[in-house]
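As structure tokens, the structure follows; a few thoughts come after it.
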Amino acid sequence: MSTKDRLTIHPAAGALRGRVAPPGSKSITNRALLLAGLARGVSRLTGALKSDDTRYMADALRAMGVTVEEPGETSFEVTSTGVLNPPAGPLFLGNAGTATRFLTAAVSLGQGRYVIDGDQHMRKRPIQPLVDAMRHLGVAVEAPTGCPPVTVDATGRFSTGRVVIDAGLSSQYVSALLMVGACGREPFEIELAGAEIGARGYVDLTLAAMRAFGARVGQPSSSVWRVEPTGYVATDFHIEPDASAATYLWGAEVLTGGAIDIGTPAASFTQPDAMAHAVISSFPRMPAVIDGSQMQDAVPTLAVLAAFNETPVRFVGIANLRVKECDRIRALSIGLNAIRSGLATELGDDLLVASDPALAGQRLPVAIDTFADHRIAMSFALVGLRIDGITILDPDCVAKTYPGYWDALSSLGVSLDRS
């Protein structure tokens, strides 16, 4: 491994203080980009995230005939006819799960063949529940492994106006179909198969974005959504900062007893991961049991904080972390146990962090395998604020959602070495 693939964090000399503005929300940016691509006219998106994940979405839209310009560091200008034309080749989306699930459904509105593909990691991430739902709607779609690549032979319409979908693995399946549903010729209903849904709050983000672009969506019950066939209207849309990114800054603040102004009060966020702020604020007396089901991307942050908590913490409701960019439960367990044997235990799909406040101030040279997962890299960097010798492997994987993360830590006075 070359030296540029390793980054060592030096413990904070004191309380971290300063102002850091997190990047725009990845989740909202990719929703807004797609909705702008499905709307006729010019949409201007401000406060947007520019990262690997949003670049994949923007490039895919360009490949399908949508004009996506970038007039500023945090803005997109999207001009579309509302039609996604068949691309010249497969749409490569890296390991961008949001873009992959959303576009798999969206291309069914076109006419012709579309292939949705990703990197070696994305090819292990499940998409079968969405494929099954699309088949029920009369779409010719194939995903031989149950994961990308997915081939869609689109005719521009569904054969029925109602579908039942299993969203236990991911709420993105529901969001994908909701966004497409507004472009039909008749009202469209989605019903959950069972009560389980991964991170329901992200569906609320989808509904808010859809309504901003002119959609009308009702919810007859907690498990049914009804989308009117309004289509979408181009609009100007502002994107709030990324709550998942904010968790690292909130974590750095409590670990060092500092004061970091991120420019947005926790209560102002609409994203589910903002719920983690209350838990982070309870450090070092975090709850004995934390349900991560509705704030899944915040769990890595909470798990590394738990290593320094006064008492053990058990994380429940996190089975979906097994099918993220990597198996995050396993990655957290491996990383924590590399720091101190027995610090973490996998209990089925739960994670128990034993907690050891005495770790703070020690020198424990450990290289953390990030498994090319941006959230593993960013969360374990927080460990390096309290323990000397923490080295992050493949640190540039943070570009997936927070390209400026290492610069943000440096701006707060954290010393980092690429060596």
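Values as computed for the structure displayed
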{"item": "Residue pairs meeting the criteria (Cβ under 8 Å; at least 6 apart or on separate chains; first more than 24 Å from E196 (Cα to Cα), in region 276-300; second of a type in the set (A, V, I, L, M, F, W, C) and part of a loop (DSSP other than H, G, I, E, B))", "result": "F283/F308; P284/F308"}
{"item": "Meets criteria (under 18 Å from A252 (Cα atoms), in contact (Cβ under 8 Å) with a residue 40 or more places away in the chain and surrounded by 22 or more Cβ atoms within 10 Å (Cβ to Cβ)) for A306", "result": "yes"}
{"item": "Filter pass, T98 being under 17 Å from K26 (Cβ atoms) and hydroxyl-bearing (S, T, Y)", "result": "yes"}
{"item": "Residue that is closer than 30 Å to V383 by Cβ and small (G, A, S), where the choices are A15, A60, A36", "result": "A15"}
{"item": "Residue that is part of a helix (DSSP H, G or I), within 19 Å of G82 (Cα to Cα) and hydroxyl-bearing (S, T, Y), where the choices are T206, T98", "result": "T206"}
{"item": "Matching entry among R216, R211, R185, R226 (being surrounded by fewer than 24 Cβ atoms within 10 Å (Cβ to Cβ) and modelled with pLDDT under 95)", "result": "R185"}
{"item": "Filter result for the condition that a residue is closer than 29 Å to P126 by Cβ, modelled with pLDDT of 95 or more and not in a loop (DSSP other than H, G, I, E, B), over T104, T79", "result": "T104"}
{"item": "Filtered residues of region 41-59 (kept if within 18 Å of the chain's Cα centre (by Cα) and touching a residue at least 24 places away in the same chain (Cβ under 8 Å))", "result": "G47, A48, L49, K50, S51, D52, D53, T54, Y56, M57, A58"}
{"item": "Positions within region 353-412 being of a type in the set (A, V, I, L, M), farther than 22 Å from L249 by Cβ and assigned to a strand (DSSP E or B), in sequence order", "result": "L364, V366, A367, L393"}
{"item": "Qualifying residues in region 374-398 (those that are farther than 19 Å from A306 by Cα and acidic (D, E)) - the one nearest to the chain's Cα centre (by Cα)", "result": "D396"}
{"item": "Exclusive hit being of a type in the set (D, E), assigned by TED's automatic domain parsing to the domain that holds L205 and either in a helix (DSSP H, G or I) or under 21 Å from the mean Cα position of the chain (by Cα) (or both), set D132, D153", "result": "D132"}
{"item": "Enumeration of residues in region 137-150 that are exposed (fewer than 15 other Cβ atoms within 10 Å of the Cβ), at negative phi and either touching a Phe, Trp or Tyr at 6+ places or on another chain (Cβ under 6 Å) or not in a loop (DSSP other than H, G, I, E, B) (or both)", "result": "A140, E142"}
{"item": "Residue that is farthest from G389 (Cα to Cα) [pool: residues in region 339-369 that are crowded, with 16+ Cβ neighbours inside 10 Å, free of Cβ contacts under 8 Å to residues at least 40 places away in the same chain and under 26 Å from the mean Cα position of the chain (by Cα)]", "result": "D350"}
{"item": "In region 68-87, the residues that are out of contact with any strand residue (DSSP E or B) (no Cβ under 7 Å at 6 or more places or on another chain) and in contact (Cβ under 8 Å) with a residue 40 or more places away in the chain", "result": "L84"}
{"item": "Of all residues making up region 203-234, the number that are in contact (Cβ under 8 Å) with a residue 12 or more places away in the chain, farther than 17 Å from R185 by Cα and of a type in the set (K, R)", "result": "0"}
{"item": "One residue from G342, G292, G335 being modelled with pLDDT of 95 or more and within 26 Å of T264 (Cβ to Cβ)", "result": "G292"}
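The values are calculated or read from the model by the stated rules, or taken from the named source; none is laboratory data. Keep in mind the model is a prediction, meaning the values are calculated, not measured. Cβ coordinates were reconstructed from backbone atoms using ideal geometry, including for glycine residues, and neighbour counts include every protein chain displayed.
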